[in-house]
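The values are calculated or read from the model by the stated rules, or taken from the named source; none is laboratory data. Computed from a prediction, not measured in an experiment: that's the story for all the values here. All Cβ positions, even for glycine, are placed from backbone atoms using ideal geometry, and neighbour counts span all protein chains on display.
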Amino acid sequence: MTALIFDLDGTLVDTVYAHVFAWQRALAEAGMPIDGWRIHRRIGMSGGLFARAVAREVGRPLDAAETEAVQRRHGELYRELLPERRPLPGAVELLAELRDRGVVHGIATSGRRPEIDASLEALRIGPETTIVERGDVLRAKPEPDLFIECARRLGAAPDECYVVGDAVWDLLAARRAKMLSVGVLSGGYGEDELTRAGAFRVYRDPADLRDSLDELGVVP
């Protein structure tokens, strides 16, 4: 049985740059201004890991209270910047086709509820779809926990799973989970970066992936 496990932000919904701007403002308010491109390179990590990584960039560690405050402020700003979520091209159609064809699939995201709820609604996902979020596991990407838990819930062995993601953190976590990975360019990483991180195929966006499902062997 072949199963597909999707990242959410930047893979199925166009939210990466809203996250970048929200983190940039939250950090600036906390007295830690940082260039946007440095933030972009960290999107896909959990909020806690992200805050610690950014602290290294600015040369000052954050204590637990500061980390929590910055994460909370990021969430507030993100919802202000992007109250409605836009699926990436072909994302809704891709997920609908997988459901119609009976292809086993799920979503594993470093985001948390209720922050991700609007994205799931925009994708027209119902309760039949397996969703694993940050609060369901001990560790987030680049640790493999999200993908391992998603595979477990899907009833699939790791070597039967493809992970679809837009960031190197997705692909590194997939390698550590012993899963093959597929990259999409819709999160802003380049094809060379995704290939070096382990992607064996790279597609432009979900629409391009949908047109190429036969290459993954998940549809006849």
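Taken over the stretch 49-70, the criterion of being surrounded by 14 or more Cβ atoms within 10 Å (Cβ to Cβ), assigned to a helix (DSSP H, G or I) and without any contact (Cβ under 8 Å) to a residue 40 or more places away in the chain is satisfied by Phe50, Ala51, Arg52, Ala53, Val54, Ala55, Glu57, Val58, Glu66, Thr67, Glu68, Ala69.
Considering (1) under 26 Å from Ala173 (Cα atoms); (2) surrounded by 14 or more Cβ atoms within 10 Å (Cβ to Cβ); (3) modelled with pLDDT of 90 or more; (4) touching a helix residue (DSSP H, G or I) at 6+ places or on another chain (Cβ under 8 Å), the lone condition that Leu77 does not fulfil carries the number (1). Being in contact with a Leu (Cβ under 7 Å, 6 or more places away or on another chain), surrounded by fewer than 20 Cβ atoms within 10 Å (Cβ to Cβ), of a type outside the set (Phe, Trp, Tyr) and part of a helix (DSSP H, G or I) is the filter here, so list the residues in the stretch 19-47 that pass it. Arg25, the sole residue that qualifies.
The set of residues in the stretch 86-122 being in a loop (DSSP other than H, G, I, E, B) and either touching a Cys at 6+ places or on another chain (Cβ under 6 Å) or of a type in the set (A, V, I, L, M) (or both) consists of Leu88, Val103, Ile116.
Those strands (runs of 3 or more DSSP E) of the stretch 123-194 in which 2 or more residues are free of Cβ contacts under 8 Å to residues at least 40 places away in the same chain, among the small types (Gly, Ala, Ser) and in the same structural domain as Leu95 (by TED's automatic domain parsing) occupy 180-184.
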